[in-house]
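This report refers to the structure that appears directly beneath it.
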Amino acid sequence: MTKQAPSAARPSAKTRGVTPSFSESDQVFETAAEVFRVMSAPMRLKIISSLCDGEKNVGELLAEINTTQPNMSQHLNTLYRSQVLGKRRDGVQIYYRIVNERVVSLCRAVCTQIAIESA
């Protein structure tokens, strides 16, 4: 019985000349689904909307968005890990900013369309 190399050491299907079962279009759909998952929480949409005006710290966000500090931190962490937000530390404060403008464009398009249809 031959031992297989760890997956990281094995050449990919693409480099072996084999058509991968996971196509590029599949990857597009997977990525789109992840973006929609991240944006599926109303709280995260509120945070993105608030940060469209520029970077803010948690206290400033809490002054605009009615939620608890732990809930806000959890949503900020999700957006940060998903590379929608960036952050920087200034003393004891952490400031958040939008780093993925595509997500902002998508958010604006969907929210604008819904507002138009609701009017």
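The values are calculated or read from the model by the stated rules, or taken from the named source; none is laboratory data. Computed from a prediction, not measured in an experiment: that's the story for all the values here. Cβ sites come from the backbone with ideal geometry, for glycine too, and all protein chains shown count toward neighbours. When the accessible area is computed, the model is the full protein with side chains, heavy atoms only, and any ligands, DNA or RNA have been set aside. Shrake-Rupley method; radii C 1.70, N 1.55, O 1.52, S 1.80 Å.
List the equivalent ellipsoid semi-axes of region 35-104 in whole Å, largest first, each obtained as the square root of 5λ for an eigenvalue λ of the Cα gyration tensor.
Details: eigenvalues 57, 38, 24 Å².
For region 35-104, the semi-axes come out at 17, 14, 11 Å.
What ³J(HN,Hα) values, in whole Hz, does the Karplus curve 6.51 cos²θ - 1.76 cosθ + 1.60 give for region 48-56 when θ = phi - 60°, with x put for Gly and Pro?
4, 4, 5, 7, 4, 7, x, 5, 8
Sort L45, L76 from largest to smallest accessible area, using a 1.4 Å probe on the heavy atoms of the protein chains.
Numbers: L45 45, L76 0 Å².
Accessible-area ranking of L45, L76, largest first: L45, L76.
Counting only heavy atoms of protein chains, what accessible area per residue, in Å², does region 43-119 have with a probe of 1.4 Å? Write out the running numbers ahead of the final one.
Working: 4780 Å² over 77 residues.
Normalised by residue count, the accessible surface of region 43-119 is 62 Å².
Determine the sum of side-chain charges near T31: Lys and Arg each +1, Asp and Glu each -1, restricted to other residues whose C-beta is under 13 angstrom from that of T31. If you can, show how the numbers build up before the last one.
On the way: positive: R37, R102; negative: E24, D26, E30, E34.
That works out to -2.
May I ask you to give the percent of accessible area on region 23-119 that is carbon plus sulfur, with a probe radius of 1.4 Å?
Numbers: 3310 of 6230 Å².
Heavy-atom surface of region 23-119 belonging to carbon and sulfur, 1.4 Å probe: 53 percent.
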